1. For the chain, what is the accessible area per residue in Å² when the probe is 1.4 Å?
2. Which of these, Lys50, Lys16, Lys39, has the largest mean-square fluctuation under a Gaussian network model of the chain (Cα springs below 10 Å)?
3. If I model a spin label at Lys70 and Leu24 as a point 7 Å from the Cα along the Cα→Cβ vector, what separation in nanometres do I get?
4. Given a 1.4 Å probe and every protein chain left where it sits, what share in percent of the accessible area of the chain is carbon and sulfur?
5. Using only DSSP helix segments of four residues or longer, with each worth -39500 (n - 2.57), what per-residue ellipticity at 222 nm results for the chain after dividing by its residue count and rounding to 500?
6. In nm, to one decimal, how far is the modelled label at His32 from the one at Lys50, with both set 7 Å along Cα→Cβ?
7. With semi-axes √(5λ) of the Cα gyration tensor in Å as the read-out, I listed (i) 20, 14, 11; (ii) 75, 7, 4; (iii) 24, 14, 9; which label goes with the value calculated from this structure?
Amino acid sequence: MNYELLSKIAMEESEKSRNEALILRKRNEILHTEIENLKSKINKLEDEKKDLQKEIEALKSALEFKEDEKKEPFSYYS
C-alpha cells in the first residue's frame, strides 16, 4: 500500500514538474519575443536620432551662414 501511495505521489509530482516546465518554456518564448521587439524599437529610435542630429547640424550650418551674411553685407562695388 505504501508503494502505491508513493507511486501516486511521484506521478503527481512528475505531472506538476511537466506543467511547470511547459509554463516556463512558454514564458521564455514570450520574453525572447519581447526582447526582439524592444531591440527593433531601439534600432528604429537610434536611426531616428541620427536623422534628427543630421537635421540639427543642417539647421545650425544654415543659421551660421545667415549670421555670416548679416555680418558681411554684400556690396556691388567691391
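1. On a per-residue basis, 105 Å².
2. So, out of Lys50, Lys16, Lys39, the one fluctuating most is Lys16.
3. Result for the modelled spin labels: 6.7 nm.
4. With neighbouring chains kept in place, the figure for the chain is 58 percent.
5. Numbers: 1 runs with 70 residues, N = 78.
So the calculated ellipticity at 222 nm is -34000 deg cm²/dmol.
6. Result for the modelled spin labels: 2.8 nm.
7. (ii)
The values are calculated or read from the model by the stated rules, or taken from the named source; none is laboratory data. Computed from a predicted structure; not experimentally measured. Because the Cβ atoms are built from the backbone with ideal geometry, glycine has one as well, and the counts that use them run over all protein chains shown. Remember, those area values only see protein heavy atoms, side chains included, never the ligands or the DNA or RNA. Shrake-Rupley method; radii C 1.70, N 1.55, O 1.52, S 1.80 Å.
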